[in-house]
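Derivation of every value follows stated rules applied to the coordinates shown; laboratory data play no part. Model, not experiment: these values are computed from the prediction. Cβ sites come from the backbone with ideal geometry, for glycine too, and all protein chains shown count toward neighbours.
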Ligand code: ADP
Ligand code: ASP
Ligand code: MG
């Protein structure tokens with residue numbers, strides 16, 4: 001059996017945890033399995049490097065940020081290899097480039113173009129455990145990084161390219177829960193969840209899996225398991241095709257995203273093409289826009305609201321400069337959160353949205369924007385009410401049972 005195992009920042013945080021990871025790999029090797037490991041930087045390292053760069057420059061250049069940030073994963077991959085070799089297990093660390101990962105040149109959020117896995121395959125054949133530095137590739141002879149949480153994407157992409165039997169994402173909780181177990185103490189671990197639900201949960205704020213990695217796993221049909229490196233004997237959660245899910249709950253989980261900004265463009269001139277121009281500009285800058293609401297126009301003007309990730313606020317402000325003269329004012333509100341309810345069963349059940357609105361109303365939480373799709377309902381609320389909202393939604397759907 002060929003396994004790709006990905007170990008996140010907490011799992012790789014410090015010598016004892018690295019030894020723990022090496023023991024997980026050793027057990028699989030003793031079983032006769034082929035193992036490729038993908039590792040994150042040690043917990044907190046990437047943030048530390050970002051702060052350091054920001055203390056030197058207000059706008060550090062993306063090309064050098066990638067060289068800087070990729071170093072965290074290089075450190076942890078070599079440390080794990082040192083540990084395995086010390087235990088008598090043949091291992092070799094590889095950078096993204098040495099693992100054959102080429103990307104586009106969109107620094108800081110590069111997309112993987114292709115993986116030439118011949119180097120990796122040869123190491124596997126020769127009995128090595130390859131330890132790949134996650135979150136990175138290369139383009140035009142320079143290192144690139146894949147966006148925050150990108151080691152999950154590295155693991156799935158490698159699993160797809162070497163046709164591994166399974167891709168196990170080891171983290172600091174036992175799997176995917178009905179809500180973030182650090183926010184909702186009675187959240188329940190799920191045995192299975194569909195790719196589509198997981199994709200919604202991740203893109204709506206559940207950072208347990210990077211959303212692009214789930215998208216790719218679905219596309220390449222990679223069997224994905226989320227599990228704990230601290231309790232490796234527990235089963236974890238399998239992320240799989242909708243048709244493999246035995247019992248489909250109406251609501252599978254609640255996600256919350258506290259890193260969103262609401263952009264309000266007030267009294268914008270209501271002329272054909274204005275929305276097209278604004279959102280094309282944002283799309284061209286690679287900004288992930290969500291929850292667009294345009295109110296009914298009066299007096300030849302209208303109000304336009306939408307949300308963007310907090311990390312994109314400076315870029316968004318730059319894009320909006322061009323439209324300042326076409327509206328009364330533009331407001332940026334960072335004191336908001338997006339809470340979302342996700343579940344396949346919403347396709348066929350009524351009343352799910354009404355329950356969500358009542359749960360928030362009963363807790364005196366005002367909803368500022370609502371958007372829905374076939375399997376999710378998202379609501380913008382005040383940031384200081386976010387925890388209470390998640391718990392209230394979790395309770396109304398009895399997700400702890
Ligand atoms: P890693 O460093 O291993 O990549 P992350 O910090 O990126 O780990 O993701 C794991 C964290 O995701 C957990 O500690 C948990 O707080 C959070 N999380 C958010 N939503 C969920 C959820 N629905 N199920 C499990 N964990 C969740
Ligand atoms: N170290 C990177 C981050 O913190 C990538 C990862 O851990 O997946 O975002
Ligand atoms: Mg992560």
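Residue separation times 0.36 nm, minus the C-alpha to C-alpha distance between residue 315 and residue 331: what's the value? Don't skip to the answer; put the middle values down first.
On the way: separation 16, 0.36 × 16 = 5.76 nm, distance 1.47 nm.
Stretched fully, the residue 315-residue 331 segment lengthens by 4.3 nm.
Which percent of Cα-Cα pairs in the stretch 20-76 sits in each 10 Å bin, short to long?
For the stretch 20-76, the pair-distance distribution reads 20, 36, 21, 16, 7, 0.
With angles folded into 0 to 90 degrees, how steeply does helix 15-30 sit against the dominant principal axis of the chain? Use alpha carbons for both and round to 10.
Orientation of helix 15-30: about 60 degrees from the principal axis.
When you count, for each residue, the other Cβ atoms within 10 Å and take the mean per peptide, how do 222-234, 48-60, 162-174, 293-305 rank with the highest first?
162-174, 222-234, 293-305, 48-60
Quick one: if you take sqrt(5λ) for each eigenvalue of the C-alpha gyration tensor of the stretch 1-147, what semi-axes come out, biggest first, whole angstrom?
For the stretch 1-147, the ellipsoid semi-axes come out as 28, 19, 10 Å.
Hey, what's the Kirkwood Rh for the stretch 254-396 if you take every pair of different alpha carbons, in angstrom?
Working: mean 1/r = 0.0618 Å⁻¹.
After inverting the mean inverse Cα-Cα distance, the result is 16.2 Å.
With N set to the residue count of the stretch 60-170, report its C-alpha Rg divided by 2.2 N^0.38 Å to two decimal places.
Rounded to two decimals, the normalised Rg is 1.03.
How far apart, in nanometres, would the label points at residue 299 and residue 235 be if each is projected 7 angstrom from Cα along the Cα-to-Cβ direction?
6.2 nm
Using alpha carbon centroids, what distance separates the stretch 1-64 and the stretch 169-188, in Å?
The stretch 1-64 and the stretch 169-188 have Cα centres separated by 20 Å.
Bin width 5 Å, origin at 0, all Cα-Cα pairs of the stretch 94-153: what percent of pairs per bin?
Reading the bins upward from 0: 4, 22, 29, 23, 12, 7, 2, 0.
Enter the mean projected area of the convex hull around the alpha-carbon atoms of the chain, in nm², rounded to one decimal.
21.1 nm²
Restricting things to alpha carbons, tell me how big the stretch 113-211 is in terms of Rg and Dmax, in Å.
Expressed in Å, the Cα Rg and Dmax of the stretch 113-211 come to 15.9, 49.
On alpha carbon coordinates alone, what is the Rg over Rh value for the stretch 58-115, Rh being the Kirkwood radius?
Working: Rg = 14.3 Å, Rh = 13.1 Å.
Taking Rh as the inverse mean 1/r over Cα pairs, Rg/Rh reads 1.09.
Helix 62-86 versus the longest principal axis of the chain: what angle, 0 to 90°, nearest 10, using Cα atoms?
The helix 62-86 is inclined about 40 degrees to the chain.
Per the helix-only calculation at 222 nm, which mean residue ellipticity applies to the chain, given -39500 (n - 2.57) for every DSSP H run of n ≥ 4 and division by its residues, nearest 500 deg cm²/dmol?
-10000 deg cm²/dmol
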